[in-house]
Amino acid sequence: MSGGGICALYVQGAKGKPSEKRESLELVAGRGIRGDRHYGEPELQVCLLEQECRAWMEEQEEAGLCFSRFRENISTLSFDLSSLTRGDWLSAGDAVLEVTQAGKECFPDCPRKKGGLECRLRRSCCFAKVIKSGTLAPGDRIALAEHKKESNRYVRQLGLPGFGLEGQERLSRARVLVVGAGGLGCPAITALAEAGVGTLGIADGDTVDISNLNRQFFYAPEDVGAPKAECAARWVKRFRPDCQVKAYSCVFGTEELRREVSGYDFVLSCVDSVETRARINEVCTQLRVPFADGSIGGMYGAVQAVLSGEDPCLSCVNPMQAAPEGTPVSFAPVTMVIGALEAQLALAYLAGISEGRGGLYSYDGESMTLEEIPVQKDPACAICGRK
């Protein structure tokens, strides 16, 4: 289908009020048209109507057969909306829309509908949501956009507020290092791979043990004794052949960690070793690489994100780096929640849809609550304080 043009733009005010004609519209991914009353709706964010249909409706109104209640945001010229189907992508100016509804039944009290007459509205309009932000102006071109096969995989997350194609492209360029491929690492790595992160580093010097299988779902009984990092990397490559994966079957010393971390955009600490967590905290803080740390104990867990030099680091919260006594009790649902929360903090930051501030979050699996714990940066901290 060849493209057409945009001949007029409108913003819808309060229900029942006339449309306001505009010289330009700002389209925001996952939200719609800024200033429009449908801004923030999940599906019907933008309405498109063929100009010829609008002219026809006005003629019918003069004849007493239409009341022109329908209001569009974008009036199109020489662009056949009748051939569109749900899921089609449209390039409009420098924005991209996804069709969520093709056509519309006429209003029940329309004189034409009451008289059993055909209405052009059902084949001359469509509704869409914004999946790539942009600005529209009269004279801009509108056309059917080519679906990228890889974009179809992520289409369900493109509608997140502020996300869109820009957020997906940021994730495809992102490099994330996950230290630990156990109870926290398995769900964290899964979420990162599912979301479309372009490069994953997986570091774990341990091998699979039978006691891991109650929560570490990358592994099967036949993997017992195999290096975790290599098993996890193979899982990612099967699931996401396009993902660049590097496995580190070792425990990083400080200098090795410093060398590797410098090549990544974000680090997830998914280990139970207090010493290793302290090393990650020190290296990431010094290199100013954002990171998130997870910990669990039975039905409880915590996640701390350090996204900038303004955030308190792990040492601010636990300056003595005290380790819990005994062997940690690990319950699969809790490890999955905490690992997923680590990944969510990383993904929101990398996609550019977070507020960009860190924090400490406590999860209570008994009461099913998540609480942000207020913590302050310690000016005297040995790791991130002023020296």
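The values are calculated or read from the model by the stated rules, or taken from the named source; none is laboratory data. None of these values were measured; they are calculated from a predicted model. Here Cβ is always computed from backbone atoms with ideal geometry, including for glycine, and neighbour counts include all displayed protein chains.
Quick notes on this one:
- For the stretch 207-229, the criterion of being in contact with a strand residue (DSSP E or B) (Cβ under 6 Å, 6 or more places away or on another chain), assigned to a helix (DSSP H, G or I) and either touching a residue at least 40 places away in the same chain (Cβ under 8 Å) or not polar (S, T, N, Q) (or both) is satisfied by at least one residue.
- The residues in the stretch 45-59 that are surrounded by fewer than 19 Cβ atoms within 10 Å (Cβ to Cβ) and within 15 Å of Arg123 (Cβ to Cβ) can be counted, and the count is 2.
- Restricting attention to the stretch 5-23, the residues being loosely packed, with under 12 Cβ neighbours inside 10 Å and in a loop (DSSP other than H, G, I, E, B) number 6.
- Total residues in the stretch 209-241 satisfying the condition of being exposed (fewer than 12 other Cβ atoms within 10 Å of the Cβ), closer than 19 Å to Asp272 by Cβ and not hydrophobic (A, V, I, L, M, F, W, C): the figure is 1.
- Looking only at the stretch 259-286, and only at residues there that are of a type in the set (Ser, Thr, Tyr) and either in a loop (DSSP other than H, G, I, E, B) or closer than 12 Å to Val179 by Cα (or both), the one that is modelled with the lowest pLDDT: Ser273
- In this entry, Gly167 passes the filter for residues that are on the phi < 0 side of the Ramachandran plot, among the small types (Gly, Ala, Ser) and at pLDDT below 95.
- When Leu345 is tested against the conditions (1) at pLDDT 95 or above; (2) of a type outside the set (Val, Ile, Thr); (3) exposed (fewer than 15 other Cβ atoms within 10 Å of the Cβ), the lone failure is (3).
- Within the stretch 357-378, the set of residues being part of a loop (DSSP other than H, G, I, E, B) and either without any contact (Cβ under 8 Å) to a residue 40 or more places away in the chain or among the basic types (Lys, Arg) (or both) comprises Arg357, Ser367, Met368, Pro374, Lys377.
- Residue in the stretch 235-242 that is outside any loop (DSSP other than H, G, I, E, B), closer than 28 Å to Phe331 by Cβ and in contact with a helix residue (DSSP H, G or I) (Cβ under 7 Å, 6 or more places away or on another chain) present: yes
- Scanning the stretch 303-311 for any residue that is part of a loop (DSSP other than H, G, I, E, B), buried (at least 18 other Cβ atoms within 10 Å of the Cβ) and among the charged types (D, E, K, R) turns up at least one such residue.
- Matching residues in the stretch 101-153 - criterion: being closer than 25 Å to Gly30 by Cβ and free of Cβ contacts under 8 Å to residues at least 60 places away in the same chain: Gln101, Ala102, Gly103, Lys104, Ala145, Glu146, His147, Lys148, Lys149, Ser151, Asn152, Arg153
- Scope the stretch 300-354; condition touching a Lys or Arg at 6+ places or on another chain (Cβ under 6 Å) and over 20 Å from Arg175 (Cα atoms); matching residues: Pro312, Cys316, Ser330, Ala332, Thr335
- As a summary of the residue check, Cys66 satisfies the conditions (1) in contact with a strand residue (DSSP E or B) (Cβ under 9 Å, 6 or more places away or on another chain); (2) crowded, with 19+ Cβ neighbours inside 10 Å except for the one numbered (1).
- No other residue among Arg31, Arg37 is surrounded by 14 or more Cβ atoms within 10 Å (Cβ to Cβ), touching a residue at least 40 places away in the same chain (Cβ under 8 Å) and out of contact with any Ser or Thr (no Cβ under 8 Å at 6 or more places or on another chain) apart from Arg31.
- In the stretch 31-69, the residues that are out of contact with any helix residue (DSSP H, G or I) (no Cβ under 9 Å at 6 or more places or on another chain) and not in a loop (DSSP other than H, G, I, E, B): Gly32, Ile33, Val46, Cys47, Gln51, Ala55, Glu58, Glu59, Glu61, Glu62
- Looking across the stretch 5-26, just one residue is over 14 Å from Leu49 (Cβ atoms) and β-branched (Val, Ile, Thr), and that is Val11.
- Qualifying residue in the stretch 70-92 (condition: closer than 20 Å to Ala14 by Cβ, of a type outside the set (Asp, Glu), surrounded by 14 or more Cβ atoms within 10 Å (Cβ to Cβ) and modelled with pLDDT under 85): yes
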